[in-house]
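For reference, the structure discussed in these notes is given below.
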Amino acid sequence: MNGQTTCVEAVRHYLDKISASSHLNAWLEVYEVEALETAALLDKQRHSGSPLGRLHGVIVGIKDVICHKDHKVSAASRVLENFTSVYSATATDRLLADEAIIIGRQNCDEFAMGSSNENSAYGPVRNAIDEERVPGGSSGGSAVAVQAGMCMVSLGSDTGGSVRQPADFCGIVGMKPSYGSISRYGLIAYASSFDQIGILAKNVDDVKLVLDVIAGADEFDSTVKQKPSHIPALKKSYRFCYFQNALEHSSLDPTISEEIKGFIKKLTGEGHTVEPVAFDLLDYIVPTYYVLTTAEASSNLSRYDGVKYGYRNSNKENNLNELYQQTRSEGFGPEVKRRILLGTFVLSAGYFDAYFTKAQKVRRLLVDKTLKIFEEYDAIILPTVPTPAYKIGEKKDPVEIFLADIYTVYANLVGIPAISLPLFKNDKGLPFGLQLMSSQNNELHLLSLSKLLINLRFSGK
Amino acid sequence: MDVNGKYEAVIGLEVHAQLQTQSKLFSGDSASFGAEPNTHISPITLAHPGTLPKTNKKAVEYAIMMGLACNCEIERYNYFARKNYFYPDLPKGYQVSQHTTPICKGGYVSIKTKDAERNVQLNRIHLEEDAGKSIHDADDNYTCIDLNRAGVPLIEIVTEPDMHSAEEAFQYVTEIRKLVRWIGVCDGNMEEGSLRCDANVSIRLKGETTLGTKVEVKNLNSIRNVKKAIEYEIDRMIGMVEKGETIIQQTRSFDADNDTTFAIRDKEEANDYRYFPEPDLTPFLLTEEFIAGIQARLPALPQVLFAKYKLLGLSEYDAHQMCDDKATAAYFEQAIAYSKNYKAIVNWMTGPLRQVVNEQNISFNELSITPKTLADLVTIVEEGKVNFSVASLKVLPVLLSNPVKGPLQVAEELNLIQVSGSADIENWVNEVLAKMPDKVVEYKKGKKGLIGLFVGEIKKVSKGKADPKKATQLLEEKLR
């Protein structure tokens, strides 16, 4: 806030943008009255000389998987239609405590499962660059809201790329911090050991500011670590690596491959080291990811049974099992059901060792390999997605869709921070990003490297 | 059934004990029993979307205490697992439990039966959360769910198939209940369900080493029922085998109305629980210091005190009485710090004080008179200031209602102090002897038993104040 404008004016501006772009379907609910009231209160406090919160007047949208006390939260699912949260997520509380204004909740793939936002029970979100195209997912509404200027920052969630992939498709910055950086308390779970709240914004500084406000230890989430305070000293040159087979992968769009290779040359030209590393496990990461995440999801989503809250099949003649079956068959969409069934299968007696145990072993190998990589390099460079945004309805084969997660799920499997930076556009004007990853708990370093890459990309090419 | 001699029963027990922690295993909700239904239910207990568990350290401590008390090996690296199944009283759709890594491994519990004393081998003790309660009989059309209990910490104490009679099982559960109460981790109340027992029972021909097909019996809500259910099951199984029938693996429930069991499900209907490590909780490592600290705080266990009391010279029976429960032992321990007359203390605690404790339905730690006061009472009797019957009938009642006063003060105020001064006693002796000249003659002729009559008469005329020892001594001198 530069003091030239008021919070109320800012909220009005964004409300206008939201109503002008309502056909993009980015929002499931907009809190017009409440946002204006909060803004007026903040203006009053500021005028009275109160010290300002770090996010004073920042207009934020939150993905419909993050709880906000006395507000609806549905995970874009019929099973939680009209469910109101009785408590706030730690991240929500921290945003509000630092005087951000939450302007609404954003559409997404049901239970954050998907990468096109076509899996929402409340209709697909459209990409503002080309409304026939998907915005990516699962945090599609959150990406489009920032892309189309409907809010300053969005909180999304990223279990296997759900923040970075839509950021890539929409031409904005999307960051997933280290696992354990931001409390998951109040984040509706998809896969507990992968889920992280992520931040979508137009620039790296906004991401950094919001991260600083919401990250850090929380008594309600024992998987959160202390906030990293260590920022490595700036250097003149850095050591980057990339996975050779990732840039040569058959699924990768040639334009993306060429642009990234060209950028690598530019980095080298600036005195940085960029080296290929062998990464034999590349083709195992998507299967490993889907075995483990669906296993956790099948259990995490058991609570939506129609007994305590949420959707319930109304047939009074049902016995208990029929109540469960009908409630869950009707409450969940097809992608969610696919993943619950897959996860139930991989955990079942007789298959557990072949799938779950083996996948855990691969995850362990990936962690070991990652630790070795970061002994030698500051960061890993990868594409974010193999292709730019595709048309709504274009992709139907679930396996093909799963395989497109090849570059993003790695960071979730090993818990490292990763960011998608909007560096490129193809000849159709569709954006695509460069993905950068650093070692665990080193997000501040990752953010300063991100700024370096953006500056390099846009400084007089 | 005289065919019983052909067979041997093999019994393993699973005892669930609710831990007496302030809060639940993974949330801050109160874990106490008896509140209005559905009042201890935060969003975490209700499994609202987005909620996460957080481990209660006290529950971990209590589990370790029980493990140490049962001679278990304590696992250093611990993690929780999810046991997945659907039921309305299980809000998350999974129970958080320890599957592959119980916090306590192995160990044993000593039991005494009529025949012998032996150790029952434990398999494990693990931590888990309780489910809520389904109440089927409160309404005609609905099953009511109370989630106050959901998430309350439990330990499950699992034996090896190491018992061979209902009597052993009875003694084992009795011992477990005593132990959990003793170390203060569980109130041991089977009626309220804070201690629950499932029995795995099988039979085989004597001498065989492989186990027979087992049946699991649930709903055993008293120690007596544990015994009755196992007795019934053994007889039922022997009867089946004798008739050439095959025992099928099933879960049965005990019907306390007629002391029988009935099948509730067969093995084929068993759930696939799809256990996997609970991803919402990080594994926790127990340090040597943490375990040593718990060991140091563990109260002296009954078997240790029993050995000590025998060394003090108490009989086996008395020693056993003094470590019947923690409060009794603690009272005795404190009393013997003030008086070395151990036997007298036992006599008071098994006699007049036990009566008070029973009448008031309290335990020794709630008794109004302190162990020191008891020791003082013992001392004034020992010193001959009052005799035992006066002390218990006259002094004790006053002390109970006025615990601030000391026994000596009370005895003085009531004018009950025995007189041992020879002048007073001589007067009473002379008075009595003068009253009964014929008896004196008989005595002198050799009827020495009459001394008791004289002493009794002296007690009467002195209104109990004459020290009987002194009186006897004087009488003997005068009648010589």
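The values are calculated or read from the model by the stated rules, or taken from the named source; none is laboratory data. Since we're looking at a predicted model, the values are computed, not measured. Methodologically, a virtual Cβ is constructed for each residue, glycine included, from the backbone with ideal geometry; neighbour enumeration extends over all protein chains shown. SASA here: full protein model, heavy atoms, side chains in, ligands and nucleic acids out. Shrake-Rupley method; radii C 1.70, N 1.55, O 1.52, S 1.80 Å.
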| said: Of everything in the stretch A:298-323, what is open to solvent by less than 10 Å² (accessible area, probe 1.4 Å), at the interface with chain B (Cβ under 8 Å from one of its Cβ atoms) and more than 24 Å from the chain's Cα centre (by Cα)? Give them in sequence order. | reply: A:Asp305
| task | State the number of residues belonging to the stretch A:190-225 that are within 14 Å of chain B (Cβ to nearest Cβ) and part of a strand (DSSP E or B). | result | 4
| query | Within the stretch B:62-76, is there a residue that is surrounded by 19 or more Cβ atoms within 10 Å (Cβ to Cβ) and either within 14 Å of chain A (Cβ to nearest Cβ) or more than 14 Å from B:Ile155 (Cβ to Cβ) (or both)? | reply | no
| message | Considering only residues that are of a type in the set (Ser, Thr, Tyr) and more than 7 Å from every other protein chain (Cβ to nearest Cβ), which ones fall in the stretch B:77-96? | response | B:Tyr77, B:Tyr79, B:Tyr85, B:Tyr87
| Residues that are part of a loop (DSSP other than H, G, I, E, B) and surrounded by 13 or more Cβ atoms within 10 Å (Cβ to Cβ), drawn from the stretch A:271-286 | A:His272, A:Phe279, A:Leu281
| field | Search result, residues across the stretch B:45-61 that are open to solvent by 30 Å² or more (accessible area, probe 1.4 Å) and away from every other protein chain (no Cβ under 14 Å) | value | B:Lys58
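Rundown of residues vs (1) over 24 Å from A:Lys17 (Cβ atoms); (2) of a type in the set (Lys, Arg), yes/no style:
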position: A:Met113; (1), (2): yes, no
position: A:Arg133; (1), (2): no, yes
position: A:Val144; (1), (2): no, no
position: A:Val153; (1), (2): no, no
position: A:Gly171; (1), (2): no, no
position: A:Met175; (1), (2): no, no
position: A:Ala191; (1), (2): yes, no
| query | How about the stretch B:268-301: which of its residues are within 13 Å of another protein chain (Cβ to nearest Cβ), out of contact with any helix residue (DSSP H, G or I) (no Cβ under 6 Å at 6 or more places or on another chain) and not hydrophobic (A, V, I, L, M, F, W, C)? | reply | B:Glu269, B:Asn271, B:Asp272, B:Tyr273, B:Tyr275, B:Pro277, B:Glu278, B:Asp280, B:Thr282, B:Pro283
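Rundown of residues vs (1) away from chain B (no Cβ under 14 Å); (2) buried (at least 18 other Cβ atoms within 10 Å of the Cβ); (3) under 20 Å from the mean Cα position of the chain (by Cα), yes/no style:
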| position | (1), (2), (3) |
| --- | --- |
| A:Leu15 | yes, yes, no |
| A:Ser19 | yes, no, no |
| A:Glu32 | yes, no, no |
| A:Gln45 | yes, no, no |
| A:Lys69 | no, no, no |
| A:Ala75 | no, yes, yes |
| A:Asn82 | no, no, no |
| A:Thr92 | no, yes, yes |
| A:Gly104 | yes, yes, yes |
| task | Check every one of the helices (runs of 4 or more DSSP H) wholly within the stretch B:258-335 and list those with 2 or more residues that are surrounded by 14 or more Cβ atoms within 10 Å (Cβ to Cβ) and among the small types (Gly, Ala, Ser). | result | B:326-335
| message | Among the listed residues B:Lys463, B:Lys394, B:Lys469, identify the single one that is under 24 Å from B:Pro352 (Cβ atoms), of a type in the set (D, E, K, R), assigned by TED's automatic domain parsing to the domain that holds B:Val356 and surrounded by fewer than 19 Cβ atoms within 10 Å (Cβ to Cβ). | response | B:Lys394
| said: As an exercise: evaluate A:Ile172 against (1) open to solvent by less than 20 Å² (accessible area, probe 1.4 Å); (2) closer than 30 Å to A:Arg54 by Cα; (3) within 14 Å of chain B (Cβ to nearest Cβ) and give the number of the one condition it does not meet. | reply: (3)
| said: Condition first: within 21 Å of A:Leu15 (Cβ to Cβ) and either part of a loop (DSSP other than H, G, I, E, B) or in contact with a His (Cβ under 7 Å, 6 or more places away or on another chain) (or both). Now tell me which residues in the stretch A:54-72 satisfy that. | reply: A:Leu55, A:His56, A:Gly57, A:Val58, A:Ile62, A:Asp64, A:His68, A:Asp70, A:His71
| Conditions (1) in contact with a Pro (Cβ under 9 Å, 6 or more places away or on another chain); (2) more than 14 Å from chain B (Cβ to nearest Cβ); (3) open to solvent by less than 10 Å² (accessible area, probe 1.4 Å); (4) under 30 Å from A:Val307 (Cβ atoms); number of the one not met by A:Asp109 | (1)
| task | Using the structure shown, decide if B:Ile451 is among the hydrophobic types (A, V, I, L, M, F, W, C), modelled with pLDDT of 85 or more and open to solvent by 30 Å² or more (accessible area, probe 1.4 Å). | result | yes
| request: Could you please find all residues in the stretch B:378-413 being under 25 Å from B:Leu474 (Cβ atoms) and outside any helix (DSSP H, G or I)? | output: B:Glu383, B:Gly384, B:Lys385, B:Val386, B:Asn387
| remark: Within the stretch B:1-35, residues assigned to a loop (DSSP other than H, G, I, E, B), touching a residue at least 60 places away in the same chain (Cβ under 8 Å), open to solvent by 30 Å² or more (accessible area, probe 1.4 Å) and of a type outside the set (Phe, Trp, Tyr) come out as B:Met1, B:Gln20, B:Gly34, B:Ala35
| Within the stretch A:226-263, considering residues that are open to solvent by less than 70 Å² (accessible area, probe 1.4 Å) and charged (D, E, K, R), the one nearest to the other protein chains (Cβ to nearest Cβ) | A:Asp253
| request: Assess whether B:Asp115 counts as being over 32 Å from the mean Cα position of the chain (by Cα) and open to solvent by 40 Å² or more (accessible area, probe 1.4 Å). | output: no
| query | What are the residue pairs meeting all of these: first residue in the stretch B:280-309, first residue among the polar types (S, T, N, Q), second residue in a helix (DSSP H, G or I) and modelled with pLDDT of 95 or more, Cβ atoms under 8 Å, and 6 or more apart or on different chains? | reply | B:Gln295/B:Leu68
| note | Heads up, the helices (runs of 4 or more DSSP H) in the stretch A:324-414 (entirely inside) with at least 1 residues that are within 13 Å of chain B (Cβ to nearest Cβ) are A:334-347, A:358-376, A:409-414
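Okay, residues lined up against (1) under 30 Å from A:Ala91 (Cβ atoms); (2) within 28 Å of the chain's Cα centre (by Cα); (3) not assigned by TED's automatic domain parsing to the domain that holds B:Leu285:
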{"residue": "B:His16", "(1), (2), (3)": "no, yes, no"}
{"residue": "B:Thr21", "(1), (2), (3)": "yes, yes, no"}
{"residue": "B:Ser30", "(1), (2), (3)": "yes, yes, no"}
{"residue": "B:Asn56", "(1), (2), (3)": "yes, yes, no"}
{"residue": "B:Arg76", "(1), (2), (3)": "no, no, no"}
{"residue": "B:Tyr87", "(1), (2), (3)": "no, no, no"}
